[in-house]
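The values are calculated or read from the model by the stated rules, or taken from the named source; none is laboratory data. These figures come from a predicted structure and were not determined experimentally. Ideal geometry is used to build each Cβ from the backbone, glycine not excepted, and the neighbour counts take in all protein chains shown.
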Amino acid sequence: MSMNCNTIIFSGHAIIQMFKRSISVNDIELVIKDGQIIKNYSNDKPFPSYLIKAFVDNKMLHVVVSGDTFRELLYYNCLSAG
């Protein structure tokens, strides 16, 4: 992903799902950094979103992020573990 963001902002929903599934901030950062974009939602507002997947500790994680590259912020919206 071609976003050079310095800060990740976690939605309330994302934090709850991370807590329920014992998924760490580091796990999410790994998915964002090393994962594969499997869906691009370029028309999402206010920023385009991406569905990213990656294995972390032998567990497949899917995350949805959207980015404000002007402010160098990345918004982490939701999580699916499977």
task = List every residue pair whose Cβ atoms sit under 7 Å apart, with the two residues 6 or more apart in sequence or on different chains, where the first one lies in region 7-34 and is under 19 Å from Asp57 (Cα atoms) and without any contact (Cβ under 8 Å) to a residue 60 or more places away in the chain and the second, anywhere, is buried (at least 17 other Cβ atoms within 10 Å of the Cβ) and hydroxyl-bearing (Ser, Thr, Tyr).
result = Ile28/Tyr76
query = Within region 51-61, is there a residue that is of a type in the set (A, V, I, L, M), out of contact with any Lys or Arg (no Cβ under 9 Å at 6 or more places or on another chain) and modelled with pLDDT under 85?
reply = no
ask   = Listed residues Ser22, Ser2, Ser80, Ser66; which is modelled with pLDDT of 85 or more and among the hydroxyl-bearing types (Ser, Thr, Tyr)?
value = Ser22
task = May I ask you to list the residues in region 42-59 that are surrounded by fewer than 17 Cβ atoms within 10 Å (Cβ to Cβ) and under 13 Å from the mean Cα position of the chain (by Cα)?
result = Pro48, Lys53
